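See structure below.
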Amino acid sequence: MKPFLAVSFVHGYSDLKYNLSKEKLPALWTIDSLNNSKIYSYIFPRNVSDFYEYKNVISGTMPLDSAEDFKKLPRFGLTGLIKYKDNLYCGSWNGVYEISKSDFTLKRIISNQMMNDSHGIFVDEKGIITVLTGKDTIVISDFEGRIVDHFTISNDLKVYKNSSLEKIDWRFLSKQFRGATGLWHFNYVQRFGDEIWLTARNLGAFIVVNLKTSKAHLRTMNQKTVVMLHDGVSYNDEYYFTSIDGKILIASDPKKTNFNPREKIQNIDEFSRDLVCDLIRLEETEYGKEPNWCRGITCYEDTIFVTIDGRYGTDLSFGLLGVTRSGKKILEKRLNWKDVGDIQKLRFVTGFDVICL
C-alpha cells in the first residue's frame with residue numbers, strides 16, 4: 001500500500017516588493033495512495049498591517065511597537081512539516097501553521113516575534129520548537145505562541161540566552177544574503193528526551209544540546225564524500241538526510257550496523273568514529289540523474305521520498321521522488337507552476353519538506 005504524502009513548497013517573485021498577501025497562494029501539495037494530486041492554498045501575512053488584517057487567525061504575539069516593514073518582503077509558502085494529534089504543523093517565514101489533517105484547512109497561525117525563516121520545526125506535548133535561523137537561536141513556544149525559552153549556540157558551541165533578541169520583531173525581515181544564513185544554518189530539529197538535535201548546513205554534523213546542563217556537543221558522521229546536509233528525519237533508529245546535490249545519507253550507530261573494520265588487530269583499539277553513513281546517489285538509482293536541488297525527506301516502509309529540483313535560475317517546477325535503499329524507483333511526480341499560478345511573475349518555486357500522513 002502506498003502512503004498519503006504531503007509536500008510543502010515555497011516560492012518567490014522577481015519583484016521583491018511584490019505583495020500578494022491578500023490572496024491565498026499555493027503552498028501544500030498532497031498525493032494520495034491512488035496517486036491523485038491536490039494543491040492547497042493559504043494566506044501569508046508578511047508585513048505589520050497584514051498581521052492586523054488577519055488577527056482572527058493569529059495566535060500569539062501581535063507585532064511589537066518596534067516592528068517595521070521592509071522593502072524586500074519574505075518569500076511565500078510553507079517549510080518544515082510535522083504531524084501532532086489531529087493536526088499538521090507547518091513552518092513558514094514568520095509563524096507555524098496549524099492545519100487540519102482531515103481536510104487541510106487552516107485553523108490558525110501560531111506566531112511570536114522570534115519566528116523568522118523557519119526551516120525544520122518540531123512539535124510535541126511540550127510545545128513547538130523553531131529556529132531563528134539568522135541568529136542561530138532555538139526558540140521553544142507554547143501552543144498559544146508564547147515564548148517559553150530560547151537559547152543561542154555560538155561558533156565555539158557555547159549555549160547562552162540573549163534576552164535582547166526578544167525586543168526585536170524578526171518576523172518582517174527577509175533573507176539578507178544568498179546561501180546559508182547564520183553561523184550554522186540549522187535545518188533539522190528534533191527533541192529526544194532532554195536533548196535537542198540539530199543539523200547545520202554549514203557543518204555536516206549534528207549539534208546536540210542537553211537541556212538540563214545547557215551544554216552542546218557534536219555528533220559527527222563518517223561521510224564518504226562532500227555533502228551539504230539539508231533536511232532529515234529519524235526513522236527506525238537511523239537518521240536519513242538529504243544533501244542538496246542529490247544524495248541521501250543514512251547515519252546510524254556503528255554498533256547497530258554491519259560497518260566493521262577490515263582487520264582485527266590484537267591490542268590495538270579501533271579508530272575513533274561516531275555515527276557511520278550509508279550513501280545513495282540519486283544519479284546511480286533508477287532515477288538516473290543528479291537533480292539541481294534536493295531538500296525534503298521522509299520514509300515509508302522501505303521507500304525514501306525526497307523533494308528534488310527547484311533551484312534558483314531553473315525552470316519553474318520541482319518534483320517528488322521515491323526510491324528504495326537499493327535504488328529502485330517507486331514514485332516520480334512533478335509540480336509545474338504553470339499549472340497553479342502565473343509564471344510571468346515568479347522567480348523560483350521549490351519543494352521544501354515531505355511527510356507521510
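The values are calculated or read from the model by the stated rules, or taken from the named source; none is laboratory data. What you are looking at is a predicted structure, and each value in this text was computed from that prediction instead of being measured. Cβ sites come from the backbone with ideal geometry, for glycine too, and all protein chains shown count toward neighbours.
Things to note:
- If you go through region 106-126 and keep only what is crowded, with 19+ Cβ neighbours inside 10 Å, outside any loop (DSSP other than H, G, I, E, B) and either out of contact with any helix residue (DSSP H, G or I) (no Cβ under 7 Å at 6 or more places or on another chain) or among the hydroxyl-bearing types (Ser, Thr, Tyr) (or both), you end up with ILE110, SER111, PHE122, VAL123.
- The lone exception for GLY95 - which of (1) over 19 Å from VAL233 (Cα atoms); (2) modelled with pLDDT of 95 or more; (3) surrounded by fewer than 23 Cβ atoms within 10 Å (Cβ to Cβ); (4) not aliphatic (A, V, I, L, M) it fails: (3)
- Note on region 292-332: enclosed strands (runs of 3 or more DSSP E) holding 1 or more residues that are closer than 13 Å to SER243 by Cα and either among the polar types (S, T, N, Q) or touching a Phe, Trp or Tyr at 6+ places or on another chain (Cβ under 9 Å) (or both) are 294-300, 303-308.
- Subset of region 143-176 (residues that are free of Cβ contacts under 8 Å to residues at least 12 places away in the same chain and either of a type in the set (S, T, N, Q) or under 18 Å from SER92 (Cα atoms) (or both)): SER163, SER164
- Output for region 107-121, where each listed residue is closer than 16 Å to ILE82 by Cβ and among the aliphatic types (A, V, I, L, M): ILE109, ILE110, MET115, ILE121
- The criterion of at least 1 residues that are of a type in the set (Asp, Glu) is met by the following strands (runs of 3 or more DSSP E) wholly inside region 127-218: 147-153, 195-200.
- Subset tally (residues that are part of a strand (DSSP E or B), of a type outside the set (Gly, Ala, Ser) and at pLDDT below 90) for region 1-59: 1
- Test: ASP237 is at pLDDT 90 or above and either surrounded by 13 or more Cβ atoms within 10 Å (Cβ to Cβ) or among the β-branched types (Val, Ile, Thr) (or both): no
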